[in-house]
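Data first, discussion second: the structure below is written as structure tokens.
Please treat every number below as a calculation from the coordinates, not as lab data. The structure presented is a predicted model; accordingly, all values stated were derived computationally and were not measured. For neighbour counting, all protein chains shown are included, and Cβ atoms are generated from backbone atoms with ideal geometry for every residue, glycine included.
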Amino acid sequence: MFTKKGDSGETDVIRKRVGKDSPLVNFLGDLDELNSFLGLAYLRTKWDDMRNDIGRMQDEIFIIGEDASTGSNKVNQDFVKWIEERTIEYRKETGPVRLFVIPGGSESGASIHVARAVCRRVERNAVKYSKELEPFNKWIIVYLNRASSMLFSMATASNKRDNVQERIHDIGRYF
């Protein structure tokens, strides 16, 4: 069925009508794209703990969208604390962060790396949108920042579990 209500370039967002080019609709679209890539990573990941964490992140992405749309301030430091705790657990598996990891590795690790890169873009855009949307919950940006770090740690842990050696870029090779 087609409602045709969007044919004029406007859409409904939580009981209000806005232009499809509004900062809010753009941010919600960014979140939708991130959630879709998380879904792909979920599908390609065979590790139950990672699937559980990705599933939780997907649920929380919907809460972030609701928060940005309504100003409900549901995203808070507890969301960030969970992400930080999970990141620490994954880093225990892989050791210190090595800079310049070339995204890839196993199918699971590569899929998580794609979600991480999308998450970074969503974070950058959230900073921009936070200046245009009032009110904008500061914890959303903090959450997205930590989420991309967690996804990096998950990708490297997935590659290690899959026994796939990551490639490291040697920046000194070119300078």
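Key figures for this structure:
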{"read-out": "Integer Hz, Karplus 6.51/-1.76/1.60 couplings in order for segment 37-50, x for Gly and Pro", "value": "5, 5, x, 5, 4, 4, 4, 8, 9, 9, 8, 4, 5, 5"}
{"read-out": "Where Cα atoms sit under 27 Å apart: lysine pairs in the chain separated by 8 or more or lying on different chains", "value": "25"}
{"read-out": "Residue exposure sequence - Lys46, Lys74 - by fewest surrounding Cβ within 10 Å", "value": "Lys46, Lys74"}
{"read-out": "Net lengthening on full extension, Val127/Arg56 (0.36 nm per residue, minus Cα-Cα)", "value": "23.3 nm"}
{"read-out": "Cα-projected label distance for Val97 with Val164, points at 7 Å along beta-carbon direction, nm", "value": "2.1"}
{"read-out": "Proxy reagent accessibility, fewest Cβ within 10 Å first, across Leu40, Leu99, Leu34", "value": "Leu99, Leu40, Leu34"}
{"read-out": "Net charge, Ser106 excluded, C-beta distance under 10 Å - Lys, Arg +1, Asp, Glu -1", "value": "+1"}
{"read-out": "D (Stokes-Einstein, µm²/s), Kirkwood Cα radius, the chain, 1.306 mPa s at 10 °C", "value": "92"}
{"read-out": "Computed magnitude of the charge dipole of the chain (debye, nearest 20; Cβ of K, R +1, Cβ of D, E -1)", "value": "300"}
{"read-out": "Within segment 89-168, chymotrypsin sites (Phe, Trp or Tyr not before Pro) in DSSP loop having at most 12 other beta-carbon neighbours inside 10 Å", "value": "Phe100"}
{"read-out": "Ranking of Arg116, Arg17 by count of other Cβ atoms within 10 Å, fewest first", "value": "Arg17, Arg116"}
